[in-house]
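The values are calculated or read from the model by the stated rules, or taken from the named source; none is laboratory data. Quantities reported herein were computed from a predicted structural model and do not represent experimental measurements. Cβ atoms come from the backbone with ideal geometry, glycine included; neighbour counts cover every protein chain shown.
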Amino acid sequence: MQVLVVDDESLARSRLRSLLGDCRAPAAVAAGEAANATEAMEALRRGIYDAVLLDVRMPGADGLALAHALRGMLRPPAVVFVTAHAEHAVAAFDLEAADYLTKPVRLERLQIALQKVERLLAGRRPAAGDTPDTLVIQDRGRTERVPLSEVLYFKAELKYITVRTASRSYILDASLSELEERHAAQFLRVHRNALVARRAVRALEKHDDPEEGEGWAVRLNGIDELLQVSRRQLTAVREALAR
């Protein structure tokens with residue numbers, strides 16, 4: 001189990017790393033750590049974690065605010081709060097935390113929490129042959145389900161992903177590699193920053209890009225916008241067109 005440890009105190013992070021190393025049922029590893037919510041979100045954009053051991057009181061955005069933000073992710077990690085302040089327990093479970101641990105954390109209690117995480121993650125996994133068919137997108141305080149069949153492309157821009165349909169664009173807090181891993185059957189990587197819907201690929205055209213110079217671009221059904229194709233992905237795009 002890949003765990004991200006989030007606590008503003010280095011000694012607390014060190015103790016949790018040590019305890020995770022002693023866990024056997026289930027086995028767990030501290031695959032990353034962060035001292036605040038900003039560092040935690042950066043770590044979650046770069047890698048995939050099964051769980052977050054999350055302190056509540058931290059400088060800046062606290063652990064409750066971070067847990068709320070995680071719920072908008074495409075595949076959020078399970079959250080286990082770790083804090084000395086038991087009065088936050090009700091708020092933690094309102095955020096659907098897997099468990100709530102009080103400091104000092106004991107190994108036996110941590111293992112119980114990780115077992116809860118394991119059961120939670122098992123319940124999220126789709127049955128054999130099933131594929132997720134919608135995206136849940138948080139947009140200006142509104143939660144919207146966008147059918148995957150309507151998405152034409154995903155494009156990484158700054159710290160977020162632009163999700164483009166024929167009618168509009170959305171902003172998704174996720175990583176392109178995670179989207180590619182989950183939806184490889186429906187989406188094709190055409191560039192380091194873009195995935196396109198295989199069904200929407202209409203044409204491959206010569207294109208002169210202001211930044212990358214002369215090259216190739218893919219045209220999609222439903223929109224006029226062209227997406228740059230890297231030399232590395234050119235063969236895959238041609239094969240997709242030939243099918």
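Assess whether Ala203 counts as being surrounded by fewer than 20 Cβ atoms within 10 Å (Cβ to Cβ), more than 29 Å from the chain's Cα centre (by Cα), among the small types (Gly, Ala, Ser) and at pLDDT 90 or above. Please lay out each step first, then the result.
Working: surrounded by fewer than 20 Cβ atoms within 10 Å (Cβ to Cβ): yes; more than 29 Å from the chain's Cα centre (by Cα): yes; among the small types (Gly, Ala, Ser): yes; at pLDDT 90 or above: yes.
In short, yes.
Among the residues of segment 229-243, is any modelled with pLDDT of 90 or more, assigned to a strand (DSSP E or B) and at negative phi?
Yes: segment 229-243 contains one or more residues that are modelled with pLDDT of 90 or more, assigned to a strand (DSSP E or B) and at negative phi.
Tell me, yes or no, whether segment 186-208 has at least one residue that is within 30 Å of Ala65 (Cβ to Cβ) and assigned to a loop (DSSP other than H, G, I, E, B).
yes
How many residues are touching a strand residue (DSSP E or B) at 6+ places or on another chain (Cβ under 6 Å) and surrounded by fewer than 19 Cβ atoms within 10 Å (Cβ to Cβ) if we restrict to segment 153-164? Steps first, please.
Step one: of segment 153-164, the residues touching a strand residue (DSSP E or B) at 6+ places or on another chain (Cβ under 6 Å) are 153-155, 160-164.
Now narrow it down to the ones that are surrounded by fewer than 19 Cβ atoms within 10 Å (Cβ to Cβ): 160, 162.
So the answer is 2.
I need every pair where a residue in segment 160-177 that is over 15 Å from Thr134 (Cα atoms) and at pLDDT 90 or above has its Cβ under 7 Å from the Cβ of a residue that is of a type in the set (Gly, Ala, Ser) and surrounded by fewer than 16 Cβ atoms within 10 Å (Cβ to Cβ), sequence separation at least 6 or different chains.
What qualifies is Thr162/Ser169; Ala166/Gly222.
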